[in-house]
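These notes are about the structure you will find just below.
The values are calculated or read from the model by the stated rules, or taken from the named source; none is laboratory data. Given the structure is predicted, the values throughout are model-derived calculations rather than measurements. Cβ placement follows ideal geometry from the backbone for every residue including glycine, while neighbour counts extend to all protein chains displayed.
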Amino acid sequence: DGPARGPGPHGAAEAQAVRLRGRLETWSPAGTGQVSGRMAYLAWDGANHAARPPPRTLWVSGRFAGPESFAPGTEVLLEGLLETGTGPPRITHAWIRYGGFGTLNPVARLRQAVSRRLSAALPAHEAGLAQAMLLGEWSNLDPELRENYRRCGLLHLLAISGLHLWIWDALLRRFLPRRLAGLRVPLLFTISALARFGPAVFRALAAILLRD
């Protein structure tokens, strides 16, 4: 078996065959024997010298050869098509092989747990929107919704930014009971960790702490 060859589903400008090893950080079933999610790659197979190593984090979709259920942080080997175009780089038509179990840090496990909880508690459309705004995961976001936001110049509202953290701070100040007010800063750190401490979030958090 090997990766299918064909055009990607996202209109990528170019695609090249790759082989690499990594850990699946978040994933969800996408049909019988199919999975999709985000992978942090660990090692690049240099056999294809014409290809550049991909970014450290990639969206992946394809067939999984192994157990139907596996823990976050599963180490995998895969072959697929690395697509780079108008959207974020991703690997499609992947043939994913089980490579052993690894461990994720607590923050990554928390992100995985929150992502699964949102998927279980909300309809697919709303869950995709919540995952984008809370975790920065766009893999389950409705493409039509994303395109509508882009056309209206509002795509930044779906991206985690410093504004989101200021809104969270305002909500916590307003709704946390007085006896729990001391939890506001730890909760802000947790929210920032869920957003993987992006530069904008980190700057906003620093500004809030300096203000306090």
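See the values below:
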item: Qualifying positions in the range 191-212 - exposed (fewer than 15 other Cβ atoms within 10 Å of the Cβ) and part of a helix (DSSP H, G or I); result: Pro199, Arg203, Ala206, Ala207, Leu209, Leu210, Arg211
item: Conditions (1) within 21 Å of Ser119 (Cα to Cα); (2) modelled with pLDDT of 75 or more; number of the one not met by Pro29; result: (2)
item: Subset of the range 151-176 [farther than 12 Å from Ile208 by Cβ and at pLDDT 90 or above]; result: Leu171, Arg174, Phe175, Leu176
item: Odd one out for Leu78 among (1) modelled with pLDDT of 75 or more; (2) part of a loop (DSSP other than H, G, I, E, B); result: (2)
